[in-house]
1. Considering the stretch 107-130 alone, what residues qualify as being more than 15 Å from residue 42 (Cβ to Cβ) and outside any loop (DSSP other than H, G, I, E, B)?
2. Being touching a residue at least 40 places away in the same chain (Cβ under 8 Å), more than 25 Å from residue 117 (Cα to Cα) and among the polar types (S, T, N, Q) is the requirement here; does residue 12 meet it?
3. With the requirement that a residue be surrounded by 15 or more Cβ atoms within 10 Å (Cβ to Cβ) and either of a type in the set (Ser, Thr, Tyr) or under 14 Å from residue 100 (Cα atoms) (or both), what does the stretch 25-34 give you?
4. Which one is surrounded by the most Cβ atoms within 10 Å (Cβ to Cβ), of the residues in the stretch 43-79 that are out of contact with any Gly (no Cβ under 8 Å at 6 or more places or on another chain) and of a type in the set (A, V, I, L, M)?
5. For the stretch 11-46, which residues satisfy the criterion of being among the aliphatic types (A, V, I, L, M) and assigned to a strand (DSSP E or B)?
6. For the stretch 15-24, which positions are under 25 Å from residue 119 (Cα atoms) and surrounded by fewer than 18 Cβ atoms within 10 Å (Cβ to Cβ)?
7. Can you work out which of the residues in the stretch 108-130 that are of a type in the set (A, V, I, L, M) and more than 12 Å from the chain's Cα centre (by Cα) is surrounded by the most Cβ atoms within 10 Å (Cβ to Cβ)?
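Each reported figure results from applying straightforward, stated rules to the coordinates on display, with no laboratory input. Note that the structure is a prediction, hence the values are computed from the model and not measured. When we count neighbours, we look across all protein chains shown, and the Cβ atoms used for this are built from the backbone with ideal geometry, even at glycine.
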Amino acid sequence: MSEQLGAFKHFNVIKTLEGHPPRTNFNVFRLDDTYNLRIAEVTGRFPWHCHTNGDEGWLILKGGLQIDIEGREPIVMRQFEGTMIPKGHRHSPIALEEGTIVAVFNVNGLEHDFNEDKPDTGAFSETDVG
């Protein structure tokens, strides 16, 4: 999935995601043990939630994504567009196209505060790229 080059990582987004169900998030980089770069293929709607300990940045690598935000107009993004959701804002992303791939930037250990007690997060997981 990734190739170690001394202290450097080299990876291919598509190959990293191959064979994994949508919503499997891969932590590609941990910067200064504080920030993460994650990649994922997204599908459907992710449950309403907010983050209590950090902001969440989004960049669309392929496809389209809408992020509905409580009390605000939705943000619609296509390939190479992005946004940042400040901590504490309730939101719910939804893929607009099959095969949508995103890069997500956040703090290590980003907490999810879901609206529901047991939300359906599908195959959501956070795995480090080896």
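1. 107, 113, 114, 127, 128
2. Taking the combined requirement at face value, the residue does not satisfy it.
3. If the condition is that a residue be surrounded by 15 or more Cβ atoms within 10 Å (Cβ to Cβ) and either of a type in the set (Ser, Thr, Tyr) or under 14 Å from residue 100 (Cα atoms) (or both), then 25 is the only one that fits.
4. Out of the qualifying residues, it is 65.
5. 28, 31, 37, 39, 40, 42
6. 19, 20, 21, 23
7. 129
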